[in-house]
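The values are calculated or read from the model by the stated rules, or taken from the named source; none is laboratory data. Keep in mind it's a predicted model, so treat the numbers as computed, not measured. Counting neighbours? That spans all protein chains shown, and the Cβs are built from the backbone with ideal geometry, glycine included.
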Amino acid sequence: MLDTLKNFLSEFGEGTKTAPLFESGDYRLAAAALLIHVLTIDGQEQEAEHERLRAILKNQFDLDDEQTDRLIEAATAADREAIDLYRFTSLLNRSLDEAGRLRIVEMMWEIVYADGKVSEFEDNVVWRAADLLGISSRDRIEMRRRVSGKDS
């Protein structure tokens with residue numbers, strides 16, 4: 001029993017048990033919060049959107065199931081507290097190169113199209129985020145076509 005307590009305290013001291021995995025300066029949290037915002041903006045959250053969100057975050061950031069859940073929880077809280085998109089896009093601009101920012105917009109489109117329909121709210125939030133991320137209209141539209149399967 002003493003060994004169990006020592007192991008617990010040791011892990012606690014090393015930060016493996018309670019240290020926040022995703023802090024406010026983590027670009028993964030900012031990216032996930034933008035995706036959560038897209039998912040919730042139309043007020044019609046679908047299971048397909050939630051499944052796509054989990055898959056995107058897990059694969060993009062090489063997370064396990066528990067880490068993915070923690071990121072979604074932290075991102076949901078961050079999105080609720082945010083008054084605008086700038087909080088997230090400014091961190092992403094500082095943290096990512098153009099290819100990384102393009103990937104963020106592409107992930108947003110993947111969430112938008114997960115349920116098979118696009119609302120004007122979803123379209124607008126992707127447009128605003130892409131603009132704040134310095135992504136051209138041409139690139140944003142091209143990604144939309146590619147993700148929607150209407151690539152010509």
Discussion item. Could you check region 99-118 and list, in sequence order, the residues that are of a type outside the set (Lys, Arg) and closer than 18 Å to residue 85 by Cα?
Written reply: 100, 102, 104, 105, 106, 107, 108, 109, 111, 112
Worksheet item: If the Cβ limit is 8 Å and pairs must be 6+ apart or interchain, which residue in region 40-64 that is free of Cβ contacts under 8 Å to residues at least 24 places away in the same chain pairs with which residue that is assigned to a loop (DSSP other than H, G, I, E, B)?
Response: 58/64
Fill in: Where residue 135 falls short, out of the listed (1) under 18 Å from residue 25 (Cβ atoms); (2) of a type outside the set (S, T, N, Q); (3) in a loop (DSSP other than H, G, I, E, B)
(1)
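So which residues in region 40-62 are touching a Leu at 6+ places or on another chain (Cβ under 8 Å) and closer than 22 Å to residue 133 by Cβ? Give the derivation first.
If we filter region 40-62 for residues that are touching a Leu at 6+ places or on another chain (Cβ under 8 Å), which is where we start, we get 45, 49-50, 53, 56-57, 61.
Hits for region 40-62 are 49, 53, 56, 57, 61.
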Worksheet item: Out of curiosity, is residue 114 under 19 Å from residue 24 (Cβ atoms) and either out of contact with any strand residue (DSSP E or B) (no Cβ under 9 Å at 6 or more places or on another chain) or free of Cβ contacts under 8 Å to residues at least 40 places away in the same chain (or both)?
Response: no
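Specify which of the listed residues (64, 69, 3) is modelled with pLDDT of 85 or more, farther than 30 Å from residue 120 by Cα and either touching a Gly at 6+ places or on another chain (Cβ under 7 Å) or not basic (Lys, Arg) (or both). Reasoning before the result, please.
On the way: 69 fails: farther than 30 Å from residue 120 by Cα; 3 fails: modelled with pLDDT of 85 or more.
One residue alone meets the criteria, 64.
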Worksheet item: Which residue, of 142, 106, is more than 14 Å from residue 37 (Cα to Cα), more than 19 Å from the chain's Cα centre (by Cα) and of a type outside the set (Gly, Ala, Ser)?
Response: 142
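Looking at 77, 99 in this structure, which one is under 14 Å from the mean Cα position of the chain (by Cα) and surrounded by fewer than 14 Cβ atoms within 10 Å (Cβ to Cβ)? Steps first, please.
Details: 99 fails: under 14 Å from the mean Cα position of the chain (by Cα).
Sole residue among the options that is under 14 Å from the mean Cα position of the chain (by Cα) and surrounded by fewer than 14 Cβ atoms within 10 Å (Cβ to Cβ): 77.
Considering only region 124-131, I want to know if a residue exists there that is within 20 Å of residue 22 (Cβ to Cβ) and surrounded by 19 or more Cβ atoms within 10 Å (Cβ to Cβ).
Residues of region 124-131 that are within 20 Å of residue 22 (Cβ to Cβ), as a first pass: 129.
When the remaining residues are screened for being surrounded by 19 or more Cβ atoms within 10 Å (Cβ to Cβ), the result is 129.
Yes.
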Fill in: 3 or more residues closer than 22 Å to residue 143 by Cα and among the aliphatic types (A, V, I, L, M): qualifying helices (runs of 4 or more DSSP H) within region 15-128
27-40, 47-60, 98-112
